[in-house]
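The block underneath contains the structure these notes are about, expressed in structure tokens.
The values are calculated or read from the model by the stated rules, or taken from the named source; none is laboratory data. Given the structure is predicted, the values throughout are model-derived calculations rather than measurements. Cβ placement follows ideal geometry from the backbone for every residue including glycine, while neighbour counts extend to all protein chains displayed. All accessible areas refer to the heavy atoms of the entire protein, side chains included, with ligands and DNA or RNA removed. Shrake-Rupley method; radii C 1.70, N 1.55, O 1.52, S 1.80 Å.
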Amino acid sequence: MWQWFHKLGSPKWFFDFATRLMPWLAWSTLVLLAVGLVWGLLFAPPDYQQGNSYRIIFIHVPVAYLAQSIYVAMAVAGAVGLVWRMKMADTFIAAIAPVGAALTFLALFTGAVWGKPTWGTWWVWDARLTSMLLLLFLYFGVMALRAAIEDREAAARSVAVLTLIGVVNIPIIKYSVDWWNTLHQPASIKLTSAPAMPPEMFLPLLVMILGFHLLVGWLALARMRNEILERERRTRWVQRWIAQQAGE
Amino acid sequence: MQFDSLAAFIAMGTHGPYVWTCYGVTALIMGLCVLAPRWRLRRILDRERRQQRRQQAAR
């Protein structure tokens, strides 16, 4: 376990690991998203109340899940970076924050477009929507803070602290639909009980959730590889790797 | 299959514009997310290779 932890902290080891893993992630992402899209759009039955507009769920739920879990992952990386001074933790945060922001934006956008035919409004200032908007600003804050501080170590520390402060928002998002009266419906899928939807809708949703997770995994690795190349550009192994990439 | 024709599929009852806006914008943004690291890798490789050539010429 500790040996693995140490390897994970080595940029070169991680770079080689990512390079080997990425094609597998890419292909399984493509297969899962293709299956999920065809299943969700063509074969899943329409909702008895919402008709076909509910098909937005196959995007909305995966991106909203990931928007939150990416933030939690950033906060864990922030803690690891602060405690063990692991450089790769900051590399991860730098790489993933823009992806998290993009997914949070998509969760808000698809939610608004879904809200119009379902609730009759694009936006309400209720707890779930407002805390998701705050999440988007937290991602922007992490990106801006990193860009604003020149010294890399100081930037890494400040960003790590910000991710840890912001993580308070995550349980607020999660329980907002239970704590407050909101337009947003409570969770349809829980780990502790059977899903509140029939399997013809739930299974394609599960496929889409998995597909989006693998896609984000690919994005994280691709972006971390670039970060490593920038940070380690003066090392011999990076220079050798670049020289080997002739003809690309 | 839930739809009788391509027209019915595109119309999605009356919800076509909502559904396709969501799928379109998501495809666009996720597509850009996939392309961005590839573009950046190309820029890094170009820059570093130019530098390697310069260093070799200087030697």
Quick check on A:A34: is it assigned to a helix (DSSP H, G or I) and either in contact with a Ser or Thr (Cβ under 7 Å, 6 or more places away or on another chain) or open to solvent by less than 20 Å² (accessible area, probe 1.4 Å) (or both)?
no
Are there any pairs, at least 6 apart or on different chains, whose C-beta atoms fall under 7 Å, with the first in segment A:182-201 and open to solvent by 80 Å² or more (accessible area, probe 1.4 Å) and the second small (G, A, S), and if so, which?
A:A196/A:S188; A:E200/A:A44
Contacts under 9 angstrom Cβ, first residue in segment A:62-84 being closer than 18 Å to A:A160 by Cβ, partner of a type in the set (D, E, K, R), 6 or more apart
A:A77/A:D90; A:G78/A:D90; A:G81/A:K87; A:G81/A:D90; A:G81/A:R157; A:L82/A:R157
Scanning segment A:125-159 for residues that are open to solvent by 40 Å² or more (accessible area, probe 1.4 Å) and β-branched (V, I, T), which turns out nearest to A:Y65 (Cα to Cα)?
A:T130
All conditions in (1) within 22 Å of A:Q185 (Cα to Cα); (2) open to solvent by 20 Å² or more (accessible area, probe 1.4 Å); (3) in contact with a Phe, Trp or Tyr (Cβ under 8 Å, 6 or more places away or on another chain); (4) of a type outside the set (S, T, N, Q) are true of A:G51 except (3)
Scanning segment B:3-16 for residues that are surrounded by 15 or more Cβ atoms within 10 Å (Cβ to Cβ) and either farther than 24 Å from A:G115 by Cα or in contact with a Pro (Cβ under 9 Å, 6 or more places away or on another chain) (or both), which turns out modelled with the lowest pLDDT?
B:M12
Determine whether segment A:73-80 contains at least one residue that is within 26 Å of A:F202 (Cβ to Cβ), modelled with pLDDT of 95 or more and part of a helix (DSSP H, G or I).
yes
Going through segment A:230-239 one residue at a time, which ones are assigned to a helix (DSSP H, G or I) and surrounded by fewer than 20 Cβ atoms within 10 Å (Cβ to Cβ)?
A:E230, A:R231, A:R236, A:W237, A:Q239
Condition first: of a type in the set (G, A, S), in contact with a Leu (Cβ under 6 Å, 6 or more places away or on another chain) and more than 9 Å from chain B (Cβ to nearest Cβ). Can you find one or more residues in segment A:32-52 that meet it?
no
The listed residue being within 7 Å of chain A (Cβ to nearest Cβ) and either part of a helix (DSSP H, G or I) or open to solvent by 80 Å² or more (accessible area, probe 1.4 Å) (or both), out of B:L28, B:L35, B:L41
B:L41
For segment A:100-131, what are the residues that are free of Cβ contacts under 8 Å to residues at least 12 places away in the same chain and within 12 Å of chain B (Cβ to nearest Cβ)?
A:A102, A:F109, A:A112, A:K116, A:W122
Confirm whether B:R47 is more than 21 Å from A:L33 (Cα to Cα), open to solvent by 90 Å² or more (accessible area, probe 1.4 Å) and either touching a strand residue (DSSP E or B) at 6+ places or on another chain (Cβ under 6 Å) or free of Cβ contacts under 8 Å to residues at least 24 places away in the same chain (or both).
no
